[in-house]
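Notes follow the structure.
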Amino acid sequence: MTGRNGLLKSYLEFPVIYKIFIGFVLGVIAGVLLGPSIMVIRPLGEAFIRLLSMVALPLIVFTLIVGASSISPKDLSRIGVKVLGWYLITCFIAAILGVGMGLLIKPGLGSEHLLEEAECTPVEPVDFADMALNWIPGNVFASMAEFDIIPVLIFTLIFGIGLTYVRGSKEPRIKDAGDTLYKVCDAGAEIMYKVVRFVLEVAPFGVFALIAVVIGDTGLGIFAEYARLIAAEAAADGIMIVCVYSGLLLLFGINPLKFLKGVKDPWLVGTVTRTSAGTLPVSMNCAENTFGISKSVYSFSLPLGATMNMDGSASYQTVVAIFACHLAGVQITPVLIATIVLVSVMASIGTASVPSAGLVMLTITLSAVGLPLEVIGLVAGIDVILDMLRTGNNVVGDLAVSNIVSKTENETNWDVGVWK
Ligand code: ASP
């Protein structure tokens, strides 16, 4: 009994990031050794994703109410503009980087035969006006039930601003009620952080299962077959993380090495779960406990970023578009590049933050410039790997911008985590 307790104690005391990393490595090994038979552990990976999703909504709602009602609406709108501005800037950089890596590494060049063998994928046009309209929460409970984050975010933000006014009321009864609700939400957020801690303790097992299933199902051979496509995407994501975000952070006086060290957990969880929305609890935990980013910034910037700011997905769109140009023998002109970049940024904004959502959005990018949609069928075979790469980047991008905005707002808590 004591031995078992001792084992549990040592497990809990061992740093989470190492445990997750060990789970990852063991998962790769198990996938390679056991092949498709490892699929039996799939439910373990799915259980982990469900646990993350379970925490995400209450965490967003509680922290955003606390965050939005802690600052004045004027400051909130300034923070909002900054966050959105940075999200757009980094997204454009990522899309351009994707084109650059596509032109440099040339995926698809010399493999034109692949296109003849490919199957056509039916097109489902996405209407941007409809999409934007859906952001207005007609029924916020329905949006919550569907895990539709943007309408929930908009409602919670309005609610939080309303609470600021209630707390500022001259009537003691109303002010008291507002203060009580604020305290309840504050406690709710703290409780959810405790739950996130628990979820992180079981994360190594989830990570093990998720990666083992991917490798067991697709094998490592797939890497060689589509090596240049994977390399172009990996290079774009890698440069974004190691050079672009780090450079921007440096510009704002934040140590990029500390950032890269601190961002490992959310990056790894994003990579294996392939969902930015699902990774939100881990990102928010990291923002609060590792980076000391102010709640008024991250409670808004992270859920918004998870749904709208997808730098990895933007570079993925452009890399695949260049891949398609090569396969189809299309001449790549500056106008074509500009169109691809613009449409890719829009497609990435519209991409849902769930696994493989970007694959569907390729229909927008490819059809906008008249490239063959059969390419989607080709990419689908390795999309799991591309999705891992881009989702990891998506998650890191949100935290980089949140750090920058928090620093410019002079709201970073330097006594926390990596800064201590
Ligand atoms: N899986 C990505 C994410 O959740 C979205 C995509 O497929 O591009 O961030």
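Summary of computed values
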| read-out | value |
| --- | --- |
| Most mobile of T363, T275, T408 in a GNM of the chain (Cα contacts under 10 Å) | T408 |
| GNM top mover of V242, V263, V401 - the chain, alpha-carbon springs below 10 Å | V242 |
| Accessible surface of the chain, 1.4 Å probe, proportion on carbon and sulfur as whole % | 68 percent |
| For region 288-420: relative contact order, % (alpha-carbon pairs under 8 angstrom, 6 or more apart) | 46 percent |
| Nitroxide proxy distance, nm - points 7 Å out along Cα→Cβ at E112 and I154 | 4.7 nm |
| Projected area, mean over directions - region 179-218, Cα convex hull, nm² | 3.4 nm² |
| Loop-located GluC sites (Glu not before Pro) in region 144-231, at most 16 other Cβ atoms within 10 Å (DSSP) | E146 |
| Sorted largest first, extent of region 321-408 alpha carbons per principal axis (Å) | 46, 30, 18 |
| Equivalent ellipsoid semi-axes - Cα gyration tensor, the chain, angstrom | 36, 27, 19 |
| FRET efficiency for R197 and A224, using Cβ-Cβ distance with R0 set to 45 Å, rounded to 0.05 | 0.65 |
| At q = 0.21, 0.30 Å⁻¹, base-10 log of I(q)/I(0) for region 331-376 (Debye sum, equal scatterers on each alpha carbon) | -0.69, -1.11 |
| Using a Förster distance of 41 Å, the FRET efficiency for K258-K183 (Cβ separation, nearest 0.05) | 0.80 |
| W135 versus L88: modelled label distance in nm, points set 7 Å from Cα along the beta carbon direction | 1.1 nm |
| Extended-chain gain in nm, criterion 0.36 nm per residue less alpha-carbon gap, N410 and I332 | 23.6 nm |
| Semi-axes of the equivalent ellipsoid for region 140-206, Cα gyration tensor, largest first, Å | 30, 18, 7 |
| Average accessible area per residue (Å²) across region 196-339 - probe 1.4 Å, nucleic acids and ligands excluded | 30 Å² |
| The chain: angle of helix 383-408 to the longest principal axis, Cα-based, in degrees nearest 10 | 40 degrees |
| Label-point separation, L33 to M54 (7 Å along Cα→Cβ), nm | 3.0 nm |
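The values are calculated or read from the model by the stated rules, or taken from the named source; none is laboratory data. Values in this document were obtained by computation on a predicted structure and should not be read as measured data. Methodologically, a virtual Cβ is constructed for each residue, glycine included, from the backbone with ideal geometry; neighbour enumeration extends over all protein chains shown. These accessible areas exclude ligands, DNA and RNA; they are computed on the full protein's heavy atoms, side chains included. Shrake-Rupley method; radii C 1.70, N 1.55, O 1.52, S 1.80 Å.
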